[in-house]
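Asks: Questions regarding the structure given below will be posed in turn.
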Number of protein chains: 2
Amino acid sequence: MSNEIIGVPTPAIDNYLLLTGSARYLDDIRMEGELVGKLLYSAYPRAIITRLEVEAARKTTGVVAVLTHEDIPGENSYLYHTPDQPLLAIDRVNYLGDAIVAIAAENEEAARLALDAIKVKYEPLPGVFDPLESMKPDCPRILEDYDNVIPSVSHEIGDIEKGFGDADVIIENVYTTQWIEHAYLEPEGALAYIDHLGIMVVYASNQAPNRDRKQIARSLGIPENRVRVITPFVGGAFGAKDEIHVQIHAALLAQATGSPVKILRDREESILTHVKRHPVIVRHRLGARRDGLITAIQIEAIADTGPYENAGRFIMKFAGDIACGPYYVPNAKVDTYAVRTNNPIGGAMRAFGGPQVCLAYESQMDELAAELGLDPLEVRLKNAVKSGDMTPSGNIIREAAAVKTSLVEAARMIGWQELDNKEREPAPHLRRGWGLATDWFVIGMGRGQDNAGVIIEMAPDGSVVLRTGAVEMGQGVFTTLAAMAAENLGVTLDDVRVIRPDTEFTPDAGPSVASRQTFMSGNAVLKGSSVIRESLLETASEETGLPVEVLDLRNGQVYAEDEELSISIPELAAIATFKNRPMHADGFYAMEFPEETTEKGKFIAVGPSAFGTQIAQVLVDIETGEVVVEKIVAVQNVGKIINYGGALGQLIGGCVMGAGYALLEELIVNDGKTITDSLDSYLIPTIMDIPEIETKLLEIPEPFGPHGAVGIGEPSMMPTAPAIANAVSNAIGKRIKQIPLTPERVLAAIEGETE
Amino acid sequence: MSNEIIGVPTPAIDNYLLLTGSARYLDDIRMEGELVGKLLYSAYPRAIITRLEVEAARKTTGVVAVLTHEDIPGENSYLYHTPDQPLLAIDRVNYLGDAIVAIAAENEEAARLALDAIKVKYEPLPGVFDPLESMKPDCPRILEDYDNVIPSVSHEIGDIEKGFGDADVIIENVYTTQWIEHAYLEPEGALAYIDHLGIMVVYASNQAPNRDRKQIARSLGIPENRVRVITPFVGGAFGAKDEIHVQIHAALLAQATGSPVKILRDREESILTHVKRHPVIVRHRLGARRDGLITAIQIEAIADTGPYENAGRFIMKFAGDIACGPYYVPNAKVDTYAVRTNNPIGGAMRAFGGPQVCLAYESQMDELAAELGLDPLEVRLKNAVKSGDMTPSGNIIREAAAVKTSLVEAARMIGWQELDNKEREPAPHLRRGWGLATDWFVIGMGRGQDNAGVIIEMAPDGSVVLRTGAVEMGQGVFTTLAAMAAENLGVTLDDVRVIRPDTEFTPDAGPSVASRQTFMSGNAVLKGSSVIRESLLETASEETGLPVEVLDLRNGQVYAEDEELSISIPELAAIATFKNRPMHADGFYAMEFPEETTEKGKFIAVGPSAFGTQIAQVLVDIETGEVVVEKIVAVQNVGKIINYGGALGQLIGGCVMGAGYALLEELIVNDGKTITDSLDSYLIPTIMDIPEIETKLLEIPEPFGPHGAVGIGEPSMMPTAPAIANAVSNAIGKRIKQIPLTPERVLAAIEGETE
């Protein structure tokens, strides 16, 4: 392998299309006779529907279809996992985002008039808006058929009583995180139509085209192979487009009308109805010896998941699995719950429950250090998990060297040992502080369905087509996969064209979530391209008379060790094609969970782990409570850099998103109603809020990774908020246990008013 | 294998689309802003272009582009094999179909006005219109850089002198066949445009989408992976759409204009410019013993291939390979030539040179029988090739039982032994006769590039998508491939959806020619679907605890031996998907040419052989010369019936086409100019010309065939014309050595005026 493509900085392969405006996002796709689809949402967070009158809407000029739950030929439910959420409400509504009626009309105005013409009579019910309230045994069920509490994990390892008994200090705190909004540039949307062959085609801004296909088929009552889901360019997703949003509604309306129907949510609708990051209450109890060594941790994490399960169960499972962070804890007990309320729905968002627990465990590490008068870096290094250590879920971590390496490297970059020499009070009203945080993230979807296919073909002129179901949503996966294919096939990045997801033609790559596509589709690309590589090398061997072992493919030429031979890849491709060698292949990879043997016995390993450390330097105005992040040092292990720009972009983007999480972003939800319903009232970081970010990508290989690579998309944002929180604490000498660290909360802490 | 799909009569899977008009042929695809593309063809069959003025055409209102050879960015040639034919003439024209200028205009009228506005000054040269003339050493070259004679094969086996020396009788005759027209419903056409990603997309009525892609890229000067060729429904092809026609011209115009450009040939243009079946002169010398055993055959076959090679070299190679027919000939010499003239171009047509030589060898067998006073059936049975026999090309035939079986079966069906009892003179002016003919056809493209890929996927609900590059042009290949997939996967035919060829997504299946797709893509389907079958069976084994060996999949259920278990294929598909078993695969098959050992040594086998026999019963009006075919008995071995209706359709269609070849069809070409330039003057059989056809499909398995199957598309039409010719000879007692057997020729024969 020496084609010098892997890891070499390069523009993303679709930059040209993006920069020239040739990239088509959902709303750029316009069909002749396209109808406008709209949904009527509930007026109450909890109510019985006593009457639903849609006749007037049906008679509105320009209205083509008005659908209620009675008009759904297949299953009336979403199906991320538990089918508890109706597509169109039957006789109850459980949050303000519940859709009741779907309308298709010739234009926007007719659709709005029709929505207004619908009469819904409600009998409002008292809502449950506090998950702790909802958990009480006497709290009535939110949904008739389901318990309010969705247990996610209950891990216990070692002897928790003994662990706390051995502790010299016990640190116990409750940390609280907020609802936040994905705030992608492109809100949810879908365009559905029936093609001339009778196939239901759905263009959707999504992350899981094959899961979309399955759900659409299920609700339309048709076979999956008669549904085609195409993912155009996606203007951001961050997890919220993993689960289906309006795809099924658009398809139902297209099925009912026979016309193309597009549903595009506007910003307000998107904020009010779609999934959000779960607010989580984390009760964290940590026992340690005087020297800082952890003896026990007990965690209870409770997420407000809204009325429906969506990804809540799995998010809190993942949160539970990684709740102790990258530290070895001999005695641990972890219980996590997603709890139903009548608030907005919690769903997948970048790092999937990780940022919430990371805030807790990293705050606790600093609290422990403060309590014992130790260096936070030393406390972390002392407890850092090692390869072969057991996690609270009873599995082992395969490769953990990056925990310590990232800690040491980040400390070196910021000059951790010399911080005492730095100016901590640049002005009487300003306090400077530094905070450290480390993350542990597990790539992939765990031990259930987790596989990826890719189809790769080399044309007789040596040019390459790579068909992937992986969704490019700005993270750079197309460039990553193309680079791996080009490297393996000895061609340039320009020689590889990536075909976007289209279930008609691209194999299922699984959802583009869990930071898994570099790992999963990357491995699939290696498998597929290796079939073609072998064809080329065998042909080259026949043509040159040299053994395959000494031959290599790079820069469009064949090499024998370091000597460039006179045969080019295009020539070789033509000959190999003529000689009937396979020049296309379906590369398929399924996640492996090997058994590993430690001194304690045989264990199954967790998935590929990603580790990193960030250090934040903040300046706090103790008069106004304002926090300015001056600098972030971010070190993250990627195993092997494949797409340099993409990886760096993810790391920097993670820091920015993490800073917004720490300081700015908060959906205010009052009695189930989101008040911050625009990007005026809901603040995300702007270019002016972005500090200096110093980055370092580590390359400690993951044994099963393609070229040793692991994902970086999600872990990159986990340590930012706790690093900032720790830095603020370091600056003002007070711990704030709730994010965002608004000026009000900072001032309150300074004034000693926090709990 | 017992899903009871293979071989069971069923409607073709795309019947619904065809019958409801939902099937889209090329001209049904309309793009916004589509321009009309047209070509200016030569006014002379041979001339020097002394001046070409296109400025007036460029200035014509509504004209968007006018291209000459100077405007082609890549290679200015077709490339079936030898790049001797320019896309746009440079300074010479060599037949009336040579294109000189390509025009794109806003409408038909503007395009025609622009064509009229082009001034071409020619210096006419004397044309060569007779291949025998062209072969003479002193005949000037048709093309400056190429010999007039394209040698195809020169086979010699045994000792030809000795063979003829051993003969008691020698039969020597010259047989002549005519130019014929493919006469498909849909003439050639293509629609090209550049999509929003900058990809050149070409919809084409074609048979070889991947070869089209290669040639388009080559002439446009862009990589193959930036060209996408899509084959919509095709209204017949019969070989003429194997080689590219107007695809490159349309793409050049789209590249030049940036707009979609459609070129659609009308019937006259199609007849005048595109490839035809080669007229061939076959000199056939046969020596045999008194008992009918052949001792030697010498054959020289000369095809008029027009000025350019196109498929001529390979057609005459194939004709040479099979020129002795399904008979064992110990001493043979075969020489075949494609010869350049200034006539229309010869190209691929159903059976690729086979019908021409079959007319000769089957006429000769009857002549031999007549000379020796033997039964034509007995003479054939005595000489019939056996498995392991050597062919004139020095290879051996693997499986030849069908020669004798088909002869015996056809004879049984017509009542061959009782024909003497039938009425031979139903009226004083009528004579009835019977004629026998046998065929040998070799499936596939020989020992060069011959492979096929298919991608197959089972969705989690058990429905199946099959992506093939094989072209459905009415022959039924989609139904055939779907049946094999359904059988292997235990689902119904309705569960399988076949995706049409689109080089963006479907793997190269090779061209849909040479009766190869049932065999090649069929084998690819078996390979691909077996990956999924294995996933299903292994999952079923895990679920039921039964070993894989006793499990089977059929009718949508899992069976343990003959007991239906309670687990369905859809359930199994969902579990297998969840368990990360591969549920999609790229099935790839390359033609095998195994070494076979006979008593004479080791030999390479020829490709899979197809054999069949037809017997025609004719009634000749000796006053008018009119021949009426009363009945055809057609027996053809297909190895295994996969798609019953499709196979039967091919057999019946072959008989009809063969009857047209024997009696009606003939392009009259005078000094390079085709006179019969419409379907008024060029006669093809109508429903009124179709006799009773009694069919029988044999199932003698081909060892390498999928389920034992071989193709039937082409062999089915080979014996018809010689059977009819032999029947006419049997009826009137005279041999006519030239087809079609027009009333004039029949009368001349009766009146003793044939040569």
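The values are calculated or read from the model by the stated rules, or taken from the named source; none is laboratory data. Worth saying up front: this structure is predicted, and the values here are computed from it rather than measured. Methodologically, a virtual Cβ is constructed for each residue, glycine included, from the backbone with ideal geometry; neighbour enumeration extends over all protein chains shown. Heavy atoms of the whole protein, side chains included, go into the accessibility calculation; ligands, DNA and RNA do not. Shrake-Rupley method; radii C 1.70, N 1.55, O 1.52, S 1.80 Å.
Condition check ((1) part of a loop (DSSP other than H, G, I, E, B); (2) modelled with pLDDT of 95 or more; (3) closer than 30 Å to A:VAL36 by Cβ) across all residues:
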{"position": "A:PHE238", "(1), (2), (3)": "yes, yes, yes"}
{"position": "A:GLN255", "(1), (2), (3)": "no, yes, yes"}
{"position": "A:HIS284", "(1), (2), (3)": "no, yes, no"}
{"position": "A:GLY292", "(1), (2), (3)": "yes, yes, no"}
{"position": "A:ILE297", "(1), (2), (3)": "no, yes, no"}
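Asks: Going by what's in this entry, would A:GLY522 be described as away from chain B (no Cβ under 14 Å), small (Gly, Ala, Ser), crowded, with 24+ Cβ neighbours inside 10 Å and in contact (Cβ under 8 Å) with a residue 40 or more places away in the chain?
Replies: Numbers: away from chain B (no Cβ under 14 Å): yes; small (Gly, Ala, Ser): yes; crowded, with 24+ Cβ neighbours inside 10 Å: yes; in contact (Cβ under 8 Å) with a residue 40 or more places away in the chain: yes.
Spelling it out, A:GLY522 is indeed away from chain B (no Cβ under 14 Å), small (Gly, Ala, Ser), crowded, with 24+ Cβ neighbours inside 10 Å and in contact (Cβ under 8 Å) with a residue 40 or more places away in the chain.
Asks: Here's a follow-up. For segment A:542-582, give me the residue count where each residue is in contact with a helix residue (DSSP H, G or I) (Cβ under 8 Å, 6 or more places away or on another chain) and of a type in the set (Gly, Ala, Ser).
Replies: Of the residues in segment A:542-582, the ones in contact with a helix residue (DSSP H, G or I) (Cβ under 8 Å, 6 or more places away or on another chain) are A:543, A:546-548, A:551, A:553, A:556-558, A:560-561, A:565, A:567, A:569, A:572-573, A:575-576, A:579, A:581-582.
Among the residues that remain, those that are also of a type in the set (Gly, Ala, Ser) are: A:556, A:560, A:573, A:576.
Number of matching residues: 4.
Asks: Do any strands (runs of 3 or more DSSP E) entirely within segment B:495-584 hold 1 or more residues that are of a type in the set (S, T, N, Q) and either farther than 30 Å from A:PRO501 by Cβ or at pLDDT 95 or above (or both), and if so, which? Write out each step before concluding.
Replies: Numbers: elements: B:496-499, B:551-554, B:557-560, B:563-568.
In segment B:495-584, B:557-560, B:563-568 are the strands (runs of 3 or more DSSP E) which contain 1 or more residues that are of a type in the set (S, T, N, Q) and either farther than 30 Å from A:PRO501 by Cβ or at pLDDT 95 or above (or both).
Asks: Moving on to the next point. Filter segment A:715-750 for residues that are β-branched (Val, Ile, Thr) and surrounded by fewer than 24 Cβ atoms within 10 Å (Cβ to Cβ); which is farthest from A:SER609 (Cα to Cα)?
Replies: A:ILE750
Asks: Moving on. Conditions: (1) more than 14 Å from chain A (Cβ to nearest Cβ); (2) at pLDDT 95 or above. B:VAL606 meets all but one. Number of the miss?
Replies: (2)
Asks: So, one more: With respect to A:ALA514, determine if the residue is open to solvent by less than 30 Å² (accessible area, probe 1.4 Å), closer than 29 Å to A:GLY474 by Cα, touching a residue at least 40 places away in the same chain (Cβ under 8 Å) and within 14 Å of chain B (Cβ to nearest Cβ). Before the answer, list the steps.
Replies: Working: open to solvent by less than 30 Å² (accessible area, probe 1.4 Å): yes; closer than 29 Å to A:GLY474 by Cα: yes; touching a residue at least 40 places away in the same chain (Cβ under 8 Å): yes; within 14 Å of chain B (Cβ to nearest Cβ): no.
When the stated conditions are applied, A:ALA514 does not pass them.
Asks: Moving on to the next point. Return the total of residues in segment A:462-476 being farther than 21 Å from B:ASP212 by Cα, within 13 Å of another protein chain (Cβ to nearest Cβ) and of a type in the set (S, T, N, Q).
Replies: 1
Asks: Are any of the residues in segment A:557-571 surrounded by 13 or more Cβ atoms within 10 Å (Cβ to Cβ), free of Cβ contacts under 8 Å to residues at least 12 places away in the same chain and at positive phi?
Replies: no
Asks: A:GLU399: open to solvent by 30 Å² or more (accessible area, probe 1.4 Å), of a type outside the set (A, V, I, L, M), under 30 Å from A:HIS284 (Cα atoms) and modelled with pLDDT of 95 or more, yes or no?
Replies: Numbers: open to solvent by 30 Å² or more (accessible area, probe 1.4 Å): yes; of a type outside the set (A, V, I, L, M): yes; under 30 Å from A:HIS284 (Cα atoms): yes; modelled with pLDDT of 95 or more: no.
No.
Asks: Would you say B:THR480 is within 13 Å of chain A (Cβ to nearest Cβ), among the polar types (S, T, N, Q) and under 27 Å from B:GLY235 (Cβ atoms)?
Replies: Details: within 13 Å of chain A (Cβ to nearest Cβ): no; among the polar types (S, T, N, Q): yes; under 27 Å from B:GLY235 (Cβ atoms): yes.
Criteria not met by B:THR480.
Asks: If you don't mind, there's one more thing I want to ask. Restricting attention to segment B:420-435, does a residue exist that is part of a loop (DSSP other than H, G, I, E, B), closer than 30 Å to B:ALA351 by Cβ and of a type in the set (Lys, Arg)? It would help to see each step written out before you state the result.
Replies: Looking only at segment B:420-435, we keep the residues that are part of a loop (DSSP other than H, G, I, E, B), and these are B:422-429.
Retained after the next criterion (residues that are closer than 30 Å to B:ALA351 by Cβ): none.
No, segment B:420-435 contains no residue that is part of a loop (DSSP other than H, G, I, E, B), closer than 30 Å to B:ALA351 by Cβ and of a type in the set (Lys, Arg).
Asks: A further question on this structure: Is one or more of the residues making up segment B:94-113 without any contact (Cβ under 8 Å) to a residue 24 or more places away in the chain, over 30 Å from B:ASN331 (Cβ atoms) and either assigned to a helix (DSSP H, G or I) or open to solvent by 50 Å² or more (accessible area, probe 1.4 Å) (or both)? Before you say what the answer is, go through the steps one by one.
Replies: Going residue by residue through segment B:94-113, those that are without any contact (Cβ under 8 Å) to a residue 24 or more places away in the chain are none.
No, segment B:94-113 contains no residue that is without any contact (Cβ under 8 Å) to a residue 24 or more places away in the chain, over 30 Å from B:ASN331 (Cβ atoms) and either assigned to a helix (DSSP H, G or I) or open to solvent by 50 Å² or more (accessible area, probe 1.4 Å) (or both).
Asks: Kindly indicate whether any position in segment B:15-32 is surrounded by fewer than 13 Cβ atoms within 10 Å (Cβ to Cβ), of a type outside the set (A, V, I, L, M) and away from chain A (no Cβ under 14 Å).
Replies: No - not one qualifying residue is present in segment B:15-32.
Asks: Hey, any hits in segment B:144-152 for a residue that's of a type in the set (Ser, Thr, Tyr), surrounded by 14 or more Cβ atoms within 10 Å (Cβ to Cβ) and under 30 Å from B:THR295 (Cα atoms)?
Replies: Residues of segment B:144-152 of a type in the set (Ser, Thr, Tyr): B:146, B:152.
Okay, now just the ones that are also surrounded by 14 or more Cβ atoms within 10 Å (Cβ to Cβ), so B:146, B:152.
Keeping just the survivors that are under 30 Å from B:THR295 (Cα atoms) gives B:152.
Within segment B:144-152 (the criterion being of a type in the set (Ser, Thr, Tyr), surrounded by 14 or more Cβ atoms within 10 Å (Cβ to Cβ) and under 30 Å from B:THR295 (Cα atoms)), the answer is yes, since at least one residue qualifies.
Asks: Additional query: Any idea which of (1) surrounded by fewer than 24 Cβ atoms within 10 Å (Cβ to Cβ); (2) within 12 Å of another protein chain (Cβ to nearest Cβ); (3) of a type in the set (A, V, I, L, M) is the one A:ALA576 doesn't satisfy?
Replies: Going through the list (1) surrounded by fewer than 24 Cβ atoms within 10 Å (Cβ to Cβ); (2) within 12 Å of another protein chain (Cβ to nearest Cβ); (3) of a type in the set (A, V, I, L, M), A:ALA576 breaks only (1).
Asks: Can you find even one residue in segment B:536-559 that is more than 32 Å from the chain's Cα centre (by Cα), polar (S, T, N, Q) and within 14 Å of chain A (Cβ to nearest Cβ)?
Replies: We begin by selecting, within segment B:536-559, every residue more than 32 Å from the chain's Cα centre (by Cα); these are B:536-559.
Filter again for polar (S, T, N, Q), leaving B:539, B:541, B:544, B:555, B:557.
Checking which are within 14 Å of chain A (Cβ to nearest Cβ) leaves us with B:539.
Checked segment B:536-559: at least one residue is more than 32 Å from the chain's Cα centre (by Cα), polar (S, T, N, Q) and within 14 Å of chain A (Cβ to nearest Cβ).
Asks: Restricting the search to segment B:583-603, which residues are in contact with a helix residue (DSSP H, G or I) (Cβ under 6 Å, 6 or more places away or on another chain) and either open to solvent by 50 Å² or more (accessible area, probe 1.4 Å) or more than 10 Å from chain A (Cβ to nearest Cβ) (or both)?
Replies: none
Asks: Also: Of the numbered conditions (1) under 30 Å from A:PRO460 (Cα atoms); (2) surrounded by fewer than 22 Cβ atoms within 10 Å (Cβ to Cβ); (3) out of contact with any strand residue (DSSP E or B) (no Cβ under 6 Å at 6 or more places or on another chain), B:ARG141 satisfies every one except a single condition; which is it?
Replies: (1)
Asks: Still on this model: Checking the conditions here, which among A:GLY435, A:GLY469, A:GLY394, A:GLY373 is within 27 Å of the chain's Cα centre (by Cα) and surrounded by fewer than 20 Cβ atoms within 10 Å (Cβ to Cβ)?
Replies: On the way: A:GLY435 fails: surrounded by fewer than 20 Cβ atoms within 10 Å (Cβ to Cβ); A:GLY469 fails: surrounded by fewer than 20 Cβ atoms within 10 Å (Cβ to Cβ); A:GLY373 fails: within 27 Å of the chain's Cα centre (by Cα).
After applying the criteria, what remains is A:GLY394.
One line per residue, one yes/no per condition, for (1) away from every other protein chain (no Cβ under 14 Å); (2) within 30 Å of A:ILE736 (Cβ to Cβ); (3) of a type in the set (S, T, N, Q):
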{"residue": "A:HIS182", "(1), (2), (3)": "yes, yes, no"}
{"residue": "A:ALA190", "(1), (2), (3)": "yes, no, no"}
{"residue": "A:GLY198", "(1), (2), (3)": "no, no, no"}
{"residue": "A:ALA208", "(1), (2), (3)": "no, no, no"}
{"residue": "A:ILE216", "(1), (2), (3)": "no, no, no"}
{"residue": "A:LEU220", "(1), (2), (3)": "no, no, no"}
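Asks: Out of the residues in segment A:299-348 that are open to solvent by less than 10 Å² (accessible area, probe 1.4 Å) and assigned to a helix (DSSP H, G or I), state the one that is farthest from A:PRO376 (Cα to Cα).
Replies: By that ranking, first place goes to A:GLY312.
Asks: Could you grab me the full set of residues in segment A:211-236 that are open to solvent by 20 Å² or more (accessible area, probe 1.4 Å) and in a helix (DSSP H, G or I)?
Replies: A:ARG211, A:LYS214, A:ARG218, A:ARG226, listed by residue number.
Asks: Looking for whichever is under 26 Å from the mean Cα position of the chain (by Cα), hydroxyl-bearing (Ser, Thr, Tyr) and under 30 Å from B:GLU362 (Cβ atoms) here; the options are B:SER154, B:SER205. Which one fits? Talk me through it step by step, then tell me what you get.
Replies: Details: B:SER205 fails: under 30 Å from B:GLU362 (Cβ atoms).
Step by step, each of B:SER154, B:SER205 is checked, and only B:SER154 is under 26 Å from the mean Cα position of the chain (by Cα), hydroxyl-bearing (Ser, Thr, Tyr) and under 30 Å from B:GLU362 (Cβ atoms).
Asks: Select from segment B:194-210 the residues that are part of a loop (DSSP other than H, G, I, E, B) and touching a strand residue (DSSP E or B) at 6+ places or on another chain (Cβ under 6 Å) and write down the one among them that is farthest from A:VAL498 (Cα to Cα). So that I can check it myself, show each step before the final result.
Replies: First, pick out the residues of segment B:194-210 that are part of a loop (DSSP other than H, G, I, E, B): B:195-199, B:205-208.
Adding the requirement that they be touching a strand residue (DSSP E or B) at 6+ places or on another chain (Cβ under 6 Å) leaves B:195, B:199, B:205.
Numbers: B:ASP195: 15, B:ILE199: 12, B:SER205: 26 Å.
Filtering first and then ranking leaves B:SER205.
Asks: Same structure, new question: Name the residue that is nearest to A:ILE456 (Cα to Cα), counting only residues in segment B:445-461 that are more than 7 Å from every other protein chain (Cβ to nearest Cβ) and surrounded by 23 or more Cβ atoms within 10 Å (Cβ to Cβ). Step through it out loud before you land on a result.
Replies: If we filter segment B:445-461 for residues that are more than 7 Å from every other protein chain (Cβ to nearest Cβ), which is where we start, we get B:445-447, B:452, B:454, B:456, B:458.
Next, only the ones that are surrounded by 23 or more Cβ atoms within 10 Å (Cβ to Cβ) stay: B:452, B:454, B:456, B:458.
On the way: B:ALA452: 15, B:VAL454: 13, B:ILE456: 15, B:MET458: 19 Å.
That would be B:VAL454.
Asks: Filter segment A:609-663 for residues that are farther than 30 Å from A:HIS707 by Cα, β-branched (Val, Ile, Thr) and touching a helix residue (DSSP H, G or I) at 6+ places or on another chain (Cβ under 7 Å) and give the result.
Replies: Applying the first criterion (farther than 30 Å from A:HIS707 by Cα) to segment A:609-663 yields A:616-631, A:659-663.
Okay, now just the ones that are also β-branched (Val, Ile, Thr), so A:618, A:620, A:622, A:624, A:627-629.
Passing the criteria: A:VAL618, A:VAL620, A:ILE622, A:THR624, A:VAL627, A:VAL629.
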